[in-house]
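The values are calculated or read from the model by the stated rules, or taken from the named source; none is laboratory data. Here the structure is a predicted model, which means the values were calculated and not measured. Quick reminder, even Gly has a Cβ in these numbers, built from the backbone with ideal geometry, and neighbours come from all protein chains shown.
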Amino acid sequence: MSRIAVFDLDGTLVDSDEALAAPFVAHGVARADVTFGHVLADECDRLGMTVADYLALYDPAQVLPYAGVVELLGRLDRWAVCSNKHADAGRAELAQFGWEPEVALFSEAFDGPKRLQPVLDALDLAPADVVFVGDTAHDRRVATEVGAPFALAGWNPRAEAVPGDQVLHAPADLLDLLES
């Protein structure tokens, strides 16, 4: 049996850094003060903005898939999304690209930051049956907490590998890992 890919969304499937930062910048926050990989409500609290005000300024049309992602997803029979992104924005982006993961859970589905176990439960799979693909230290912890294999989305120039990471240099590199 091959493994199922579970992806983080921002920074993994899509290049969304500028789209994510733009509402904060429009609200007067310095671009350098915006960080990524957090639950939106936490980042809004930290930067002095309401989630509603943020979402009113967020433009999913600024988000683009990383090179090779569309082709990769077209080759997968089953895949899922596990993201800290607000569900409204996440669903809008999936629809914008015509992507239909088997399961897509966003920040509202978790009690706090994203967790992989609810996705595993929805897929009726064990941790060894998936590979969690992400771009941050938090993504690595999400996989480690349940004992799932982790692969770093090395196509994102912001992703930082640590010893022991399986680094994917291009999305298609995931295919061999799913079969191992």
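Using the structure shown, decide if Ala67 is in the same structural domain as Ala122 (by TED's automatic domain parsing), among the hydrophobic types (A, V, I, L, M, F, W, C) and either surrounded by fewer than 16 Cβ atoms within 10 Å (Cβ to Cβ) or farther than 24 Å from Phe110 by Cβ (or both).
Details: in the same structural domain as Ala122 (by TED's automatic domain parsing): yes; among the hydrophobic types (A, V, I, L, M, F, W, C): yes; either surrounded by fewer than 16 Cβ atoms within 10 Å (Cβ to Cβ) or farther than 24 Å from Phe110 by Cβ (or both): yes.
In short, yes.
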Check your understanding: Would you pick out the residues in segment 114-163 that are under 18 Å from Thr35 (Cα atoms), acidic (Asp, Glu) and out of contact with any helix residue (DSSP H, G or I) (no Cβ under 9 Å at 6 or more places or on another chain)?
Key -> Asp135, Asp139
Point to revise | Hits in segment 112-124 (condition: within 18 Å of Thr144 (Cα to Cα) and surrounded by fewer than 15 Cβ atoms within 10 Å (Cβ to Cβ)) | key: Gly112, Pro113, Gln117, Asp121
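Have a look at Cys82, Cys44 and point out the one that is in the same structural domain as Glu100 (by TED's automatic domain parsing) and surrounded by 19 or more Cβ atoms within 10 Å (Cβ to Cβ).
Unique residue meeting the criteria: Cys82.
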Check your understanding: What tally of residues in segment 139-154 results from selecting those that are within 15 Å of the chain's Cα centre (by Cα) and either among the β-branched types (Val, Ile, Thr) or closer than 16 Å to Ala5 by Cα (or both)?
Key -> 9
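Hey, could you check segment 90-113 for residues that are assigned to a loop (DSSP other than H, G, I, E, B) and farther than 18 Å from Leu64 by Cα and say which is modelled with the highest pLDDT? Write out each step before concluding.
Here is the first cut: in segment 90-113, the ones assigned to a loop (DSSP other than H, G, I, E, B) are 98-102, 106, 110-113.
Cutting the leftovers down to farther than 18 Å from Leu64 by Cα gives us 102, 106, 110-113.
Numbers: Glu102: 98, Phe106: 95, Phe110: 92, Asp111: 81, Gly112: 81, Pro113: 89.
Here the residue is Glu102.
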Check your understanding: Where in segment 14-82 are the helices (runs of 4 or more DSSP H), entirely inside, with at least 1 residues that are free of Cβ contacts under 8 Å to residues at least 60 places away in the same chain and among the small types (Gly, Ala, Ser)?
Key -> 17-26, 51-57, 69-75
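State all residues of segment 125-140 that are at pLDDT 95 or above and either surrounded by fewer than 15 Cβ atoms within 10 Å (Cβ to Cβ) or among the aromatic types (Phe, Trp, Tyr) (or both); if no residue qualifies, say none.
Those that are at pLDDT 95 or above and either surrounded by fewer than 15 Cβ atoms within 10 Å (Cβ to Cβ) or among the aromatic types (Phe, Trp, Tyr) (or both): Ala126, Ala128, Phe132.
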